[in-house]
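Taken together, the values in this text are just the output of simple stated rules run on the coordinates, not laboratory data. All figures in this text were calculated on a predicted structure; none of them were measured in a lab. Cβ coordinates were reconstructed from backbone atoms using ideal geometry, including for glycine residues, and neighbour counts include every protein chain displayed.
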Amino acid sequence: MLVFDLDNEPWAEEHSFNTLSRRLFPWHDLREINWGGSWVKVRPGETTTPHAHDEKEMYFVVEGTGYFTHGAERVEARPGTTAIMTPGVHHSLTNTGPGDLLFLAVWWTDDQHVHDPALPS
């Protein structure tokens, strides 16, 4: 078993996304995989840089409160909220709470399909 301990890894400033993060990969002794992941902190009052990409992406909110913006849609975020971002749609996450908003982001680029009713079949 390989273990990643969030408390033992340094947080890195991700200027392009306006966040702090701890990327899960590359991971020593683990072969290349077709997905990525990162623990992410959004500081109080801050918003991640709005962005769009070809990858499919999921956010799992663990701590804090805020809201997702996904295109013209706005959805509240709190611990336990999970969101799937549609490829090609600009999205961001705003922290409205007094402390850091912590979430896990996972993205992938292979042929695995996540049904998104916003996309044509």
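By the scheme Lys and Arg +1, Asp and Glu -1, what is the net charge of all other residues having a beta-carbon under 13 Å from that of Y67?
Neighbour charge sum, excluding Y67 itself: -1.
According to a simple spin-label model (label point 7 Å from Cα along Cα-to-Cβ), what is the distance in nm between E63 and R23?
For the pair R23/E63, the computed spacing is 2.3 nm.
Can you give the local net charge around H51? Use residues other than it whose beta-carbon is closer than 15 angstrom to its beta-carbon, Lys and Arg +1, Asp and Glu -1. If you can, show how the numbers build up before the last one.
Details: positive: K56; negative: E14, E46, D54, E55, E57.
So the surrounding residues net to -4.
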